[in-house]
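Reviewing the structure listed below.
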Amino acid sequence: MDFLLTSGRRDIFDEAAERLGARLHYIPYSRKALGSFARDYRALLRRERYDAIHHHADYAAGWQFLIGFGVLPKVRVAHVHNPWLHITDNYAVSPARRLAASGGKALVKALATHVC
């Protein structure tokens, strides 16, 4: 099993995951690193040719599905945790964040094959 860690850095559970056979890919995802993220994410998807991806970054999944469009696997799962809480306490902090969240939500609806 592979994991894409969009923080771009190692963290507390990485060593345990690797001992269990996981392959970890570190690609930073942020507005500042968007160009390099797009290049490296698309390269990873082309190289590994996954059967499915399961995305845990809420509505950011939609934006990342858009970035990967054309090289995404047939099965694309977006895992959204308590979207109302995220919208009111995380994404609603500024008009730009609200716009990004609503755009990501629309992209999840359009590009994910499954939402949980």
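Structure summary
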| item | result |
| --- | --- |
| Charge dipole of the chain about the Cα centre (unit charges at C-beta), most positive-ward option of A112, G8, L20 | A112 |
| For the range 19-88, accessible area per residue (1.4 Å probe, heavy atoms of protein chains only), Å² | 63 |
| Protein accessible area in the chain, 1.4 Å probe - carbon and sulfur % | 60 |
| For the chain, calculated [θ]222 nm from helices alone, where every DSSP H run of n ≥ 4 adds -39500 (n - 2.57) | -13500 deg cm²/dmol |
| Hits among aspartates and glutamates - C-alpha to C-alpha of K109 under 16 Å, sequence gap 8 or more where chains match | D58 |
| Axial C-alpha extent at least 18 Å, average Kyte-Doolittle at least -0.5 - helices from the chain (DSSP) | 95-111 |
| Counting DSSP beta bridges with both ends in the chain, the antiparallel % (nearest 5) | 0 |
| Shape call, the range 1-47: gyration tensor on alpha carbons, a/c limit 1.5 | oblate |
| Cα coordinate range in the chain, projected on the principal axes (Å, largest first) | 40, 32, 28 |
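The values are calculated or read from the model by the stated rules, or taken from the named source; none is laboratory data. It should be emphasised that the depicted structure is a prediction, and the values quoted were computed from it without experimental measurement. No Cβ is skipped: glycine too gets one built from the backbone with ideal geometry, and neighbour counts run over all protein chains shown. Heads up: the accessible areas ignore ligands, DNA and RNA and are worked out on the full protein's heavy atoms, side chains in. Shrake-Rupley method; radii C 1.70, N 1.55, O 1.52, S 1.80 Å.
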